[in-house]
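Student: Quick one: the structure is below, and I'll ask about it shortly.
The values are calculated or read from the model by the stated rules, or taken from the named source; none is laboratory data. Only a predicted model underlies this, so the values are computations on that prediction, with no experimental measurement involved. Note that each Cβ is placed from the backbone with ideal geometry, even for glycine, and that neighbours are counted across all protein chains shown.
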């Protein structure tokens, strides 16, 4: 079978490294080009030594440029691992050239321009394209090959929406009084020279940040509201913990039913056949260590009869299921590859 | 001035090591004896090499035994760093011999035998002594030299009660709908050979545990209820994160007032003059790294106008302000030493 | 193509987990059985949650027993991830039943019974089988499908022998005055409940151990002596560092030639075409982070004109190239699979 | 007793933080001023939250400027925690004004201008002052209050010279064939925004760097040569390991005598009465965890009868005994305070 030819633009960050690692050994695709503004002309493995056994010295970053990339006729699909605000201009050119675009940035995650402005403090860079963008969690949303612009969920939202959307759709839990605490590994802050992300500042450190309106909150509330059919406002508190990878999320919400039976019934309905969701028995907790390096999300729920609350917990690898792995999973489904191709 | 002669019993755990480290260089006390069942006869520094510059080879663990210790006439005060259930028998003998006892275990933290049974799954080991025990957070409770049996708060409770008790006493926050997420470093699990606490299992791991009724919940609810003057039930969710030390606590509770002014007013009233409590400006987050190795608790609050919730955060070193440091701070106050003697 | 049916015995340690992870997604093999004394009857993913997306709940540990395993007709190859001394008895039975055995223990690494006794402090458990055992570093030794008993190198030896054997064979470096410092991640100590391997004891700790005669020294000296054609004695100093994985090795040895040209010429002759060895330019250092999770070894050399020494450095993932990955690589070559099958 | 008034210039790095932490609670000194170019006017605890219980908000960085500082009449002693090349100009002005200067930089560590040029790639900034500078390891060199310019040893040199100088002075070990491997925690690289020191790059990483001529080598060889009375050239290989603090050093050198008796005899002669040196029994290894946060160096030696080598190991906290603590220890001795004042 002819391989799908794909490119990665903005490949110099942590999500970009993971994309290259996964795509470089994917049985159904050929990674035809990777682009970077800062690393143009440099061998990939010089900047990313982890990939030395996957790529040769000849495989180099090419120039990041929307127009140039749009003219690369033999590339059918581009992954955008770019900052929000920047991704949109690439998407525009690539879409115009008939390419499929899988965007890992926030540019097409939100349906509302106002919400984008409110949370990202800037006018949306491509309002006309907003309708084209499809927000996809592959286990929860339909994907078709005719989709041309995919918005991949953020890392925190993946850990939160995967357990909650099914429950919201089935009206099995309260739509108010929801409190979400998430702890992220340091790679979530990106690959950059910043004292805040230095080893000696993060080691032995646990702290909260981004209160009260982290950008991902916009996406969380929009998707929960769609799922529930009513406006949902949640308390979302992101934190940092000294790990390289992983997000652990703890969700407390007033229960509608006693016990966890209803929750598990719904989760099993949605996820029993899904390869990358593991529904753990009540009382068994997810753990970021055990999803690290995988495209899996693990979820679990406990009911507290004293408080009448449900306590839902989940764990994902922020760079894989929370970013690059999920993007590849979406591609796999769009193009009829095995859902887990390149992801085991 | 003649130094106070003190002893530590059960000195082989992490809290015991910290006690010895602090007391070994305390200007007003002489650490006259340390006891351990398992390490009897062994030089302290052989088991605890960190203390090599504080103690000589001659300083050895003596036998842990209530009767023997009660007869050590020249020791006026004993710290008990023993498991719950075991501490009580030592307390009984030592009190009978007229000693002052500062207990770091859970045996005298609760006022109710039923609650003890419910949370510790065992009959209370010394119901008759319960009334003697005084639960002391030194910034919030009166201490007098006539107290003979002090119950030191647990590590999680310290991080939770210090920000909350003043607000409860002043009825400034809701008494219901409280959600508390705490993340602890691994030393909280104790010094033991257990695969669950091994490096390769905890490194890169974030997870929840002890749901829904961690033992410390009993103490948290009892103290909050006393402070508020009404029964308080909270959702408390402990977690583990890969640090050696530290607890980071995030408390979400429905606000009674808009904004944080009232909260800060109360905190300043209680804490402005307190050496070991730092009230951070709203928006500035505590961080376990910055309390590590100190007897300080840092607290802060944010008001979220979208959810009408207060988000209170705190950080402590679980082994110091959450255990040994606080115990020494109590001793300092009881005996008229400087509050920070040995604790800087 | 019909898949090769393989089993793993002693699958409950870290090497066993890695073997199952690799074999569970290997395109050419079927992992037909995994055995464990302590975990018999338990689902694999209950003990090893990382593998939840690879195995179903039905895949359970079966009994570890040489005779039983020998009778499993449909399994052609067994990996032994057992302690030294124990592996030999399994090897005997399995070989008698005509199986191929790839042994990760030390039982068949040494050619000399005396050396085994000296370093392992026990009589060799199966002297008659010693001649059958072939010690294989796949890039340096010939493998044939007729081999029935393979001894996989230890983790430290892999990091040391891969850069040194080519140089010894070509007599390009001194055979005396060799000093080897290696630092290992904590997983090298095995998966066990031991205070020495607990998080709080290993975190922030760097130390040496096993001086002066670590067991792996026996294998290092034997193989270097074979390569050089003369008896070689080296100074080998193992250390621990707070990482989960990885070995970093620094070798200092008197140079025979000025500069590194000769070293690189030889390395390129041996390794230029090898997928899992990356010869880095002089001055560029290997790093355990960049081999973590891979089957690669990275090596480099610097010549110091002041001391006339060569400084050779290498990095491997102790659990993969240093154990399970190398074992699978050997199988791949024996059975004509792609050398990197299952290993990318 | 009137307290000694001291200042710290260049207080914004890790050594500066430690100096302020130690001096802020030192019983015999008053920390009268701290200076920083980048943080002028900022409260110290805003930049260094760890010190919140030691300093009030009013304690602010003042301008770093040699002339201004020289005019601060009430400050008698200045610690310089500045980069090499910069420290010299401060030293010049402060010395001219009659101040005592304890310099933590490299500017006055070397006796030879050529060596400075060779290793620091710049002309020495103050050749005329070189003779004034006294290189002091407090356990090994005489200190007098008339000394005005003290050069504190570097972190690696401290870990290396303390075990070796006594042996060199007594001609008890070989002066050639010395191989030194040191592993440092990340704080050794300084407090800066640099991708190389970011959490995700250092976590799980072990690597070598600075080969073959790390700057500290100049100081190591100069001091060893002085001690031995002959020119000594050593192989020194620095590495990084994922800890915040600590240096672990492993020294291999050809033995002159069988066994370790002679080594221990000499060490005991030099160090038996020293508070901050712990000579461990042969076979017991130092560990960075157990010197972390202390001003202690732990040393040990093993003799390998197979190789006729001595293996000497040591551990220090790079920021305390390797920098700030040692500087304060020197001050303590110069001014007749207790050697351990402020350092327990």
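Student: Residue under question is residue B:185, and the condition is that it be farther than 26 Å from residue B:336 by Cα, modelled with pLDDT of 95 or more and touching a helix residue (DSSP H, G or I) at 6+ places or on another chain (Cβ under 9 Å); does it hold?
Tutor: In short, yes.
Student: Would region C:288-304 turn up any residue that is over 20 Å from residue A:51 (Cα atoms), buried (at least 22 other Cβ atoms within 10 Å of the Cβ) and in contact with a helix residue (DSSP H, G or I) (Cβ under 7 Å, 6 or more places away or on another chain)?
Tutor: So far as region C:288-304 goes, yes, one or more of its residues are over 20 Å from residue A:51 (Cα atoms), buried (at least 22 other Cβ atoms within 10 Å of the Cβ) and in contact with a helix residue (DSSP H, G or I) (Cβ under 7 Å, 6 or more places away or on another chain).
Student: Looking for something surrounded by fewer than 23 Cβ atoms within 10 Å (Cβ to Cβ) and within 14 Å of chain A (Cβ to nearest Cβ) - is there at least one such residue anywhere in region C:257-271?
Tutor: Looking for residues that are surrounded by fewer than 23 Cβ atoms within 10 Å (Cβ to Cβ) and within 14 Å of chain A (Cβ to nearest Cβ), one finds at least one in region C:257-271, hence yes.
Student: Still on this structure, please answer the following. (1) touching a strand residue (DSSP E or B) at 6+ places or on another chain (Cβ under 6 Å); (2) more than 8 Å from chain C (Cβ to nearest Cβ); (3) surrounded by fewer than 23 Cβ atoms within 10 Å (Cβ to Cβ); (4) more than 28 Å from residue A:205 (Cβ to Cβ): which one isn't true of residue D:212, the others all being true?
Tutor: (2)
Student: Please go through region C:92-104 and give me each residue that is surrounded by fewer than 24 Cβ atoms within 10 Å (Cβ to Cβ) and part of a strand (DSSP E or B), ordered by number. Talk me through it step by step, then tell me what you get.
Tutor: Here is the first cut: in region C:92-104, the ones surrounded by fewer than 24 Cβ atoms within 10 Å (Cβ to Cβ) are C:92-93, C:95-100.
C:100 - this is the single residue of region C:92-104 that is surrounded by fewer than 24 Cβ atoms within 10 Å (Cβ to Cβ) and part of a strand (DSSP E or B).
Student: Same structure again: From the list B:342, B:325, B:338, which residue is modelled with pLDDT of 95 or more and under 25 Å from residue A:200 (Cβ atoms)?
Tutor: Values: B:342 fails: under 25 Å from residue A:200 (Cβ atoms); B:338 fails: under 25 Å from residue A:200 (Cβ atoms).
Every option except B:325 fails the conditions.
Student: Does residue D:324 satisfy being buried (at least 23 other Cβ atoms within 10 Å of the Cβ), away from chain C (no Cβ under 14 Å) and on the phi < 0 side of the Ramachandran plot?
Tutor: yes
Student: Has region B:69-77 got at least one residue that is under 21 Å from the mean Cα position of the chain (by Cα) and farther than 30 Å from residue D:279 by Cα?
Tutor: Checked region B:69-77: at least one residue is under 21 Å from the mean Cα position of the chain (by Cα) and farther than 30 Å from residue D:279 by Cα.
Student: Based on this model, can you work out whether residue C:220 counts as in a helix (DSSP H, G or I) and either in contact with a strand residue (DSSP E or B) (Cβ under 9 Å, 6 or more places away or on another chain) or within 9 Å of chain D (Cβ to nearest Cβ) (or both)?
Tutor: yes
Student: For region D:230-239, indicate whether the set of residues that are without any contact (Cβ under 8 Å) to a residue 40 or more places away in the chain, closer than 23 Å to residue D:169 by Cβ, in contact with a helix residue (DSSP H, G or I) (Cβ under 7 Å, 6 or more places away or on another chain) and within 14 Å of chain C (Cβ to nearest Cβ) is non-empty.
Tutor: Yes, there is a match, as at least one residue in region D:230-239 is without any contact (Cβ under 8 Å) to a residue 40 or more places away in the chain, closer than 23 Å to residue D:169 by Cβ, in contact with a helix residue (DSSP H, G or I) (Cβ under 7 Å, 6 or more places away or on another chain) and within 14 Å of chain C (Cβ to nearest Cβ).
Student: Determine whether residue B:21 is under 25 Å from residue B:197 (Cβ atoms) and over 22 Å from the mean Cα position of the chain (by Cα).
Tutor: For residue B:21, the condition - under 25 Å from residue B:197 (Cβ atoms) and over 22 Å from the mean Cα position of the chain (by Cα) - is not met.
Student: Another question, if that's okay. Tally the residues that are more than 30 Å from residue D:206 (Cβ to Cβ) and assigned to a loop (DSSP other than H, G, I, E, B), restricting the search to region D:140-157. Don't jump to the end; show me each part of the working.
Tutor: Filtering region D:140-157 down to residues more than 30 Å from residue D:206 (Cβ to Cβ) leaves D:140-151.
Imposing the further condition that a residue be assigned to a loop (DSSP other than H, G, I, E, B) reduces the set to D:140-148.
Count: 9.
Student: Something else now. Take region C:67-91 and flag every residue that is surrounded by fewer than 18 Cβ atoms within 10 Å (Cβ to Cβ), in contact (Cβ under 8 Å) with a residue 24 or more places away in the chain and not in a loop (DSSP other than H, G, I, E, B).
Tutor: Answer for region C:67-91, where residues must be surrounded by fewer than 18 Cβ atoms within 10 Å (Cβ to Cβ), in contact (Cβ under 8 Å) with a residue 24 or more places away in the chain and not in a loop (DSSP other than H, G, I, E, B): C:67, C:89.
Student: When you look at residue D:32, is it surrounded by fewer than 22 Cβ atoms within 10 Å (Cβ to Cβ) and more than 14 Å from every other protein chain (Cβ to nearest Cβ), yes or no?
Tutor: Against the criterion (surrounded by fewer than 22 Cβ atoms within 10 Å (Cβ to Cβ) and more than 14 Å from every other protein chain (Cβ to nearest Cβ)), residue D:32 qualifies.
Student: Could you check, for region A:165-178, whether at least one of its residues is closer than 22 Å to residue B:300 by Cβ and in the same structural domain as residue A:288 (by TED's automatic domain parsing)?
Tutor: No - not one qualifying residue is present in region A:165-178.
Student: Specify which of the listed residues (A:160, A:137) is in a loop (DSSP other than H, G, I, E, B), under 30 Å from residue A:301 (Cα atoms) and away from chain C (no Cβ under 14 Å).
Tutor: Of A:160, A:137, the one residue that is in a loop (DSSP other than H, G, I, E, B), under 30 Å from residue A:301 (Cα atoms) and away from chain C (no Cβ under 14 Å) is A:137.
Student: If you don't mind, there's one more thing I want to ask. Going residue by residue through region D:6-20, is there one that turns out to be touching a residue at least 12 places away in the same chain (Cβ under 8 Å), surrounded by fewer than 21 Cβ atoms within 10 Å (Cβ to Cβ), touching a strand residue (DSSP E or B) at 6+ places or on another chain (Cβ under 8 Å) and within 27 Å of residue B:280 (Cβ to Cβ)?
Tutor: no
Student: Going by what's in this entry, would residue A:293 be described as on the phi > 0 side of the Ramachandran plot and within 14 Å of chain B (Cβ to nearest Cβ)?
Tutor: yes
Student: Against the conditions (1) more than 22 Å from residue B:137 (Cα to Cα); (2) buried (at least 18 other Cβ atoms within 10 Å of the Cβ), where does residue B:168 fall short? Just the number, please.
Tutor: (1)
Student: Kindly evaluate residue D:312 against the criterion of being over 25 Å from residue D:80 (Cβ atoms), buried (at least 24 other Cβ atoms within 10 Å of the Cβ), more than 7 Å from every other protein chain (Cβ to nearest Cβ) and touching a helix residue (DSSP H, G or I) at 6+ places or on another chain (Cβ under 7 Å).
Tutor: The answer is yes for residue D:312.
Student: Still on this structure: Restricting to region D:39-54, name every residue that is touching a strand residue (DSSP E or B) at 6+ places or on another chain (Cβ under 8 Å) and either more than 10 Å from chain B (Cβ to nearest Cβ) or assigned to a loop (DSSP other than H, G, I, E, B) (or both).
Tutor: Residues satisfying the conditions are D:40, D:41, D:42, D:43, D:44, D:52, D:53.
Student: Let me ask something else. Which of the residues belonging to region B:6-36 are touching a helix residue (DSSP H, G or I) at 6+ places or on another chain (Cβ under 9 Å), part of a loop (DSSP other than H, G, I, E, B) and within 23 Å of residue D:26 (Cβ to Cβ)?
Tutor: Step one: filter region B:6-36 for residues touching a helix residue (DSSP H, G or I) at 6+ places or on another chain (Cβ under 9 Å), giving B:6-12, B:14-24, B:26, B:28-31, B:33-36.
Next, from what is left, pick out any that are part of a loop (DSSP other than H, G, I, E, B): B:10-12, B:24, B:26, B:28, B:36.
Correct list: B:24, B:26, B:28.
Student: Applying the selection to region B:179-209, what residues are over 22 Å from residue D:243 (Cα atoms), part of a loop (DSSP other than H, G, I, E, B) and within 13 Å of chain A (Cβ to nearest Cβ)?
Tutor: The answer is B:209, and nothing else.
Student: How about region A:211-226: which of its residues are closer than 19 Å to residue A:322 by Cβ and over 15 Å from the mean Cα position of the chain (by Cα)?
Tutor: Once the filter is applied, which keeps residues that are closer than 19 Å to residue A:322 by Cβ and over 15 Å from the mean Cα position of the chain (by Cα), region A:211-226 yields A:214, A:221, A:222, A:224.
Student: Against the definition (in contact (Cβ under 8 Å) with a residue 24 or more places away in the chain, in contact with a helix residue (DSSP H, G or I) (Cβ under 8 Å, 6 or more places away or on another chain) and within 14 Å of chain D (Cβ to nearest Cβ)), how does residue C:115 come out, yes or no?
Tutor: yes
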